Amino acid sequence: MISKPSKINTLFLLMVCVFIATAAFGLIIPILPAFMDKFNTNGQMMGLLVATYGIIQLFLSPIAGRFADRYGRKRIIVMGLICLTLSQLFFAFSFHFWLLFLGRFLTGIAVSLLIPGAMACIIDITTEEERAKGLSFLNASISFGFVIGPGIGGFLTAYGLYVPFYFAAAVSFVSFLLSFFLLPETLEKKGQMPKEATASTQSMIQQLLRSIRAPYVVPLLLVFLYSVSLYIFEAIFGLFVDKQFGFTAKDIAMVISIAAFVSVIVQLTFTNKFVSLFGESKVMNGTLVAGGLSFLLLLFTTRFFSILLMTCLLYTATSILRPVINTVLSKLAVNEQGFIAGMNNAYVSLGSVVGPILGGILFDINTYFPYIVGVLAFLAGSVLLTWKHKSLLSTSIS
């Protein structure tokens with residue numbers, strides 16, 4: 001049994017690892033316009049570059065947890081950190097465009113291995129009473145990584161286009177060394193699953209088809225729609241403000257970092273209060289409308305402050321929407337909590353693939369088109385929720 005001080009050390013190390021991985025995910029976002037100019041490419045290729053991460057997550061995330069059950073938590077985490085270090089090195093030495101794709105590919109592998117491995121590790125070392133707190137700390141470090149990543153990328157580019165990636169590679173390598181030498185293996189030998197037990201009984205396509213026929217398909221579709229909109233924004237925002245207003249990487253990083261930070265604070269402070277006052281359905285509908293409104297108003301904003309305000313509104317709306325949908329899904333899932341958690345992640349991953357690719361294609365046609373699609377996606381979610389509101393509530397209650 002791992003002692004209490006060792007639990008704290010292990011939890012802290014895991015938090016550091018997933019923070020670095022999720023920060024690396026957003027590192028490239030404010031630098032996309034510079035890469036677009038450097039390699040003389042278009043929005044479609046930039047969108048595909050961003051989507052590469054989601055494609056890998058879509059296929060690897062469902063089996064990463066089973067790998068951790070069979071091979072052990074430490075091995076999966078260490079492998080993830082090796083991939084993360086290599087991914088940042090490929091970015092740092094990306095003097096050819098295809099190396100960016102290889103770096104993004106490895107970042108997707110790294111995060112797909114690290115997060116399930118870290119979560120399983122925390123479940124191993126905590127009691128049932130400690131588990132929620134331990135996982136909440138891990139989720140906080142994940143959220144903070146997504147918040148701080150674009151900021152680091154934008155501000156470090158002041159010292160050189162590739163400096164953020166040299167920095168990330170060095171930090172990732174230090175994390176690998178710490179994990180290799182200090183992280184204990186928390187899965188006992190007797191708890192390791194044999195190969196046949198870790199084999200999937202259903203393919204991802206079969207699972208997606210099964211989810212479409214399930215009573216919780218509406219909130220899953222809402223997950224997909226808001227993910228498409230959010231990832232369109234993240235892939236295209238830097239290109240849009242660079243082309244329309246001449247924003248620098250530092251400007252882009254500042255907007256995204258401030259908006260993400262505000263959204264996390266609002267989510268932690270007001271989500272439960274909003275649900276208590278208005279109920280889950282009204283909160284979901286309100287945030288969908290707010291998300292669509294933020295996209296619409298971004299089409300007409302011209303000043304830095306108004307762009308920042310609309311970005312804050314978008315990030316805040318989605319940060320409130322996400323946990324409320326998760327709550328509704330958990331109520332509807334009943335005895336399929338594991339399956340619904342996997343499907344939730346799958347629909348987010350689908351959105352992270354469709355959004356950037358679609359946004360990039362549309363950006364090349366007209367810089368405003370991706371934002372119009374974002375408005376339509378949020379509007380479609382609101383209409384769907386309004387249409388299925390009563391049946392959704394009756395299923396939840398029964």
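How large is ³J(HN,Hα), in whole Hz, for each residue of the range 71-78 in order, when computed from phi with the Karplus curve 6.51 cos²θ - 1.76 cosθ + 1.60 and θ = phi - 60°, using x for Gly and Pro?
Per-residue couplings from phi come out as 9, x, 6, 4, 4, 5, 5, 5 Hz.
In what sequence, largest accessible area first, do Phe261, Phe363, Phe90 appear using a 1.4 Å probe? Don't skip to the answer; put the middle values down first.
Details: Phe261 115, Phe363 10, Phe90 65 Å².
Final ranking, largest accessible area leading: Phe261, Phe90, Phe363.
Placing +1 on the Cβ of each Lys and Arg and -1 on the Cβ of each Asp and Glu in the chain, which of Leu221, Ser141, Phe261 has its Cα farthest towards the positive end of the resulting dipole?
It is Leu221.
Just add up the charged neighbours of Thr367: K/R +1, D/E -1, any other residue whose Cβ is under 11 Å from the Cβ of Thr367.
Details: positive: Lys243; negative: Asp242, Asp364.
Neighbourhood net charge equals -1.
Take each of the peptides 80-87, 289-296, average the number of other beta-carbon atoms within 10 Å over its residues, and list them starting from the highest.
Details: 80-87: 24.6, 289-296: 21.0.
Answer by packing, highest mean first, reads 80-87, 289-296.
Karplus couplings for the range 253-265 from phi (6.51 cos²θ - 1.76 cosθ + 1.60, θ = phi - 60°), rounded to Hz, Gly and Pro as x?
4, 5, 4, 5, 5, 5, 4, 5, 5, 4, 5, 5, 4
Could you grab the relative contact order for the chain? Cα pairs under 8 Å, six or more apart, rounded to a whole percent.
Working: 593 pairs, mean separation 107.2, N = 398.
It comes to 27 percent, rounded to a whole number.
Can you tell me the order of 50-60, 176-186 when each peptide is scored by its average per-residue count of other Cβ atoms within 10 angstrom, highest first? Intermediate values should be presented prior to the final figure.
Values: 50-60: 21.7, 176-186: 15.3.
Averaged packing, sorted descending, gives the order 50-60, 176-186.
Which of the residue pairs Lys7/Lys74; Lys133/Lys331; Lys74/Lys133; Lys38/Lys250; Lys7/Lys273; Lys38/Lys243 have a Cα-Cα distance greater than 26 Å in the structure shown?
Numbers: Lys7/Lys74 14 Å; Lys133/Lys331 21 Å; Lys74/Lys133 21 Å; Lys38/Lys250 17 Å; Lys7/Lys273 33 Å; Lys38/Lys243 15 Å.
Violating the 26 Å limit, Cα to Cα: Lys7/Lys273.
Mind listing the phi-derived Karplus ³J(HN,Hα) values for the range 87-100, rounded to whole Hz, using 6.51, -1.76 and 1.60 with θ = phi - 60°, and x for any glycine or proline?
Taking θ as phi minus 60°, the curve returns 4, 5, 5, 5, 4, 5, 10, 7, 8, 10, 4, 5, 5, 5 Hz for the range 87-100.
Compare the peptides 133-140, 306-313, 105-112 by average per-residue count of other Cβ atoms within 10 angstrom and give them in order, highest first. Mind showing how you got there, number by number?
Values: 133-140: 15.6, 306-313: 19.4, 105-112: 25.2.
The packing order, highest mean first, is 105-112, 306-313, 133-140.
The values are calculated or read from the model by the stated rules, or taken from the named source; none is laboratory data. None of the values given here were measured: they were computed from a predicted structure. For neighbour counting, all protein chains shown are included, and Cβ atoms are generated from backbone atoms with ideal geometry for every residue, glycine included. Just so you know, the surface numbers come from the protein's heavy atoms only, side chains and all, with ligands and any DNA or RNA stripped out. Shrake-Rupley method; radii C 1.70, N 1.55, O 1.52, S 1.80 Å.
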